[in-house]
Amino acid sequence: MGGSGSTRANLETGVQLAWTAGSNATRFGIGCKYQLDNDSAVRAKINNASQLGLGYQQKLRQGVTITLSSMVDLKNFNQGGHKIGMALELEA
């Protein structure tokens, strides 16, 4: 996450501000990451377009991490278009 942030023992927070010159379009988002233990963390982010992102990351073993994530459009909750994803990260 870009912008400014603060850290507490297991909690990280951040704020993101962006704008486009000439169009007066502004974007704003806030997010956080909570470290559950040494091997797992949850993340949440919401922006001014009412998009809510949620994620869970689990280290399976040294060099292997799995991430589950979703993005829900809260403005159009009943219309669909939501996203769900999974990532497998392998380090050599």
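The values are calculated or read from the model by the stated rules, or taken from the named source; none is laboratory data. Please read all numbers here as calculations on a predicted model, not as lab measurements. Cβ placement follows ideal geometry from the backbone for every residue including glycine, while neighbour counts extend to all protein chains displayed. Each accessible area value is taken on the protein alone, full model and side chains, heavy atoms only, with ligands, DNA and RNA left out. Shrake-Rupley method; radii C 1.70, N 1.55, O 1.52, S 1.80 Å.
Numerical summary
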| read-out | value |
| --- | --- |
| Members of the range 63-76 that are in contact (Cβ under 8 Å) with a residue 12 or more places away in the chain and either out of contact with any His (no Cβ under 8 Å at 6 or more places or on another chain) or loosely packed, with under 13 Cβ neighbours inside 10 Å (or both) | GLY63, VAL64, THR65, ILE66, THR67, LEU68, SER69, LEU74, LYS75 |
| Residue match in the range 38-50 (condition: under 11 Å from the mean Cα position of the chain (by Cα), open to solvent by 90 Å² or more (accessible area, probe 1.4 Å) and at negative phi) | yes |
| Matching residues in the range 1-20 - criterion: being at pLDDT 85 or above and either exposed (fewer than 10 other Cβ atoms within 10 Å of the Cβ) or of a type outside the set (D, E, K, R) (or both) | ASN10, LEU11, THR13, GLY14, VAL15, GLN16, LEU17, ALA18, TRP19, THR20 |
| So GLN57, is it at pLDDT 95 or above, farther than 20 Å from GLY85 by Cβ, surrounded by 14 or more Cβ atoms within 10 Å (Cβ to Cβ) and not charged (D, E, K, R) | no |
| Unmet criterion (only one of (1) touching a Lys or Arg at 6+ places or on another chain (Cβ under 8 Å); (2) among the aliphatic types (A, V, I, L, M); (3) surrounded by fewer than 15 Cβ atoms within 10 Å (Cβ to Cβ)) for ALA25 | (1) |
| Tabulated pairs, the range 78-90, first at positive phi, second part of a strand (DSSP E or B), C-beta under 7 angstrom, 6+ apart or interchain | GLY81/ASP73 |
